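Here's the structure, in structure tokens; my notes come after.
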Amino acid sequence: MLQRQTVDESVTPASRRSLWTILLLLLLLPTLTFAQEPPDLRVLPADFNADLTTQMMRSYLRTRAHASLDRRLEKLAALDSPESIAAYQKELREIFLKSIGPLPERTPLNGKVVGTLVRDTFSVEKILFESQPGFFVTGNLYLPNGLQAPHPGILLPCGHSKNGKAYDSYQRAAILLAQNGFVVFCYDPIGQGERHQFLDAGGKPIDGGSGEHQKLGVAPILVGRGLATYFIWDGLRAMDYLASRPEVDPKQLGCTGNSGGGNLTAMLMALDDRIQAAAPGCFMATTRSKNESPGPGDAEQNLFGQIRDGLDHPDFAIIRAPKPTLYLTATEDFVPIKGAWDNFRQAKQIYTKLGRPEAVELIEAPEKHGYTKLLREGAVRFFARWLQGRHIEVTEPEDQPVATDAELQVTPEGEVMRLPGARDLLEINDEFHTRNTQPVPVDDDDFRQMVREITGIKTSTALISCSVIPSGENNHRSPLIFFPETGILLPGYRTVSKGNKAPDEVFLLLHDLGIGHSANEAKQIVFGGEEPPENFSIIGVDLRDIGETKTRNWRYYGADAAIAHMLGDSYLAMRAGDIISVAKFESEFRGGKKIHLHAWGELVAPAMHAAALEPELFASATFHGGARWNQWLPLLEEQDPRSHVHTIVNGAL
């Protein structure tokens, strides 16, 4: 069971003054009276500050992330002895392992050579092994010709190339290393090369490139793992295979990769003590810089709670200090070069404090993103120094031929899922869930406590009651802005029956398409098409990232959810908190009246949590949208559950 730390946030006097400033501005804008009928119902003016509308959640999450990352920097700066550094390294390693969840068991690799290519200076063996039973991994093992074994071994994880291990620059890196006396194992990542998980009726991959990564990244979160868990495990087992080869010296192992392979190199070099020298390429920056541009990486790059717990990109090098590490970077990379230098500087300080400043270095090629010739040559010189004890000049031949995809193909039909007994990642994930599901408490109070611990949703007494400001009036529908916490505003409205009597019934409507749709649904859904009661009140609210505050994504759908995940939070928990805060305010406003809750679509899951955790606030709860939004279990079998990135909770299943 996972415990999430929470921070009590409240509206400060300064922030209240800013709320009244907003109110004054709103009252001066005549467009706030509703000239349009639903579903075009608007509360905020079209030119309202983007940091409080389409970029509200990005701004809010940025503030939280920066505060946590600043605390990490203070902690890092205070390290002043080998003992304090060692304690910090141990703590980081534990955080890292906790963030990826339980690793699989080591089972027989069943590795075999299915073919060989022979070239003048090197040979390539085509390798098939199982990182888990029935979960096949395809790779190419590059062996030097005519040199006495054993040799140092280099693991080469691939970046996000469509053809994985056969990608031109990865072949060239492996060849250059082999020509200089290294055994190199380059293998296909999940969803690339020969390891696509989803095939069409003709046996062809449904997704090209690395498109499967985002699709596969949702379900593992529900069982307390992440896509990184499986990527890392494949890398550890690939290293097991490399170290087992008689041509390899198992005490002289290295790792290098670019882009997504640089990410995996960074993670592996922090976890696998066998890696004596490592050269991650075009990945190492800082979370702060990378979240700004280009934004969070693919699902396997974003670890649960890493920002909250103080694990940043530089820590992948710091954990392994003072083992030799080389940063491979590019001036024109979309991975920010400033972030790479910030990262390197932090690591350099730690290596210096440990008396080994020469063991960490950086190469900056005047190139765009990629494992370019200058970086490949620099990596070979680095590994020669630290794994062979040689200082050499390295020049890659301009006319070095590479193999075709077909020549490097390992499986008979080019896809592991067409092998007998092959299992896809959905099956692997579901098996882990089935084996590790825990019984749910029968007692209601125990159940609520368990849900709170897993989700981090605060109690109604811990959550502040919303601050509310009016923003106009139109035919008994009063526009309102709810402020459940600093940095968050929720556009809404309140409709009351005619007369001055206190309402007998209070309804809270939450539509995932916005308050205009909830207003349209009100009579039919809330009152069943009948005339409403004589005294009633309806509140419609756009929860965060709904309607007028819908995030304008800056990289891909769910990038904001990825940052929340790295903060150890979830949109479900934040939205459930919004619901409780609004309901608490409205109940207090109406003298303790209980609320009738209605939710649609994507907002069903947070509404269910709010109603279950705070039964004293709600008279009833009605959910519209069917089983799609009411269950998590089917997501373990769904090929593309990305639409649920805002409704899932780490470890919930």
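Less than 10 Å Cβ to Cβ from R320, Lys/Arg counted +1 and Asp/Glu -1: what total charge do the surrounding residues give? Present the calculation step by step, with values, prior to reporting the outcome.
On the way: positive: R93, K323; negative: D272, D273, D315.
Taking every Cβ under 10 Å from that of R320, the sum is -1.
For a Förster distance of 22 Å, can you work out the FRET efficiency between the beta-carbons of S59 and I337, rounded to the nearest 0.05? The partial results should precede the final answer.
Values: r = 25 Å, r/R0 = 1.13.
It comes out at approximately 0.30.
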A correct Kirkwood calculation over the Cα atoms of segment 220-281 returns a hydrodynamic radius in Å of 12.2
Here, T437 and T352, labelled 7 Å along Cα→Cβ, have an inter-label distance in nm of 5.5
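Please compute the per residue accessible area over the chain with all protein chains in place, 1.4 Å probe, rounded to a whole number of Å². It would help to have the intermediate numbers written out before the result.
Numbers: 25600 Å² over 653 residues.
That works out to 39 Å² per residue.
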A 1.4 Å probe over the protein heavy atoms gives the chain a carbon and sulfur accessible-area percentage of 53
Counting Lys and Arg as +1 and Asp and Glu as -1 over every other residue whose Cβ sits under 12 Å from the Cβ of I307, the net charge comes to +2
Taking Cα atoms, the helix 13-27 axis meets the longest principal axis of the chain at an angle in degrees (rounded to 10) of 70
Which of K501/K594; K215/K290; K98/K290 exceed 19 Å between C-alpha atoms? The answer is K215/K290; K98/K290
With Cα coordinates, the longest principal axis of the chain makes an angle with the long axis of helix 82-100, in degrees rounded to 10, of 70
Env charge @ A347, Cβ radius under 12 Å, K,R +1 / D,E -1, value +2
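Among DSSP beta bridges lying fully in the chain, give the percent that are antiparallel, nearest 5. Working shown, then result.
Working: 38 of 78 bridges.
In the chain, approximately 50 percent of DSSP beta bridges are antiparallel ones.
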In degrees, nearest 10, the alpha-carbon axis of helix 571-589 is tilted away from the dominant principal axis of the alpha carbons of the chain by 20
Helix-only [θ] at 222 nm, the chain, -39500 (n - 2.57) per DSSP H run of 4+, per residue, nearest 500, equals -10000 deg cm²/dmol
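To the nearest µm²/s, what D does Stokes-Einstein give for segment 517-639 at 10 °C and 1.306 mPa s, using the Kirkwood radius over alpha carbon pairs as Rh?
Numbers: Rh = 16.1 Å.
Translational D for this selection: 99 µm²/s.
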Taking max minus min of the Cα coordinates of the chain on each principal axis, largest first, gives extents in Å of 96, 54, 46
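What is the magnitude of the charge dipole of segment 557-630 about its Cα centre, with +1 placed on the Cβ of each Lys and Arg, -1 on the Cβ of each Asp and Glu, and no other charges, expressed in debye to the nearest 20?
Numbers: 6 positive and 8 negative charges, 50 e Å.
Dipole size: approximately 240 debye.
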Relative contact order in percent for the chain (Cα pairs under 8 Å, 6+ apart) equals 18
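The values are calculated or read from the model by the stated rules, or taken from the named source; none is laboratory data. The model shown is predicted, which means the values in this text are computed figures rather than measured ones. Backbone-built Cβ (ideal geometry, glycine too); neighbour counts: all protein chains shown. Just so you know, the surface numbers come from the protein's heavy atoms only, side chains and all, with ligands and any DNA or RNA stripped out. Shrake-Rupley method; radii C 1.70, N 1.55, O 1.52, S 1.80 Å.
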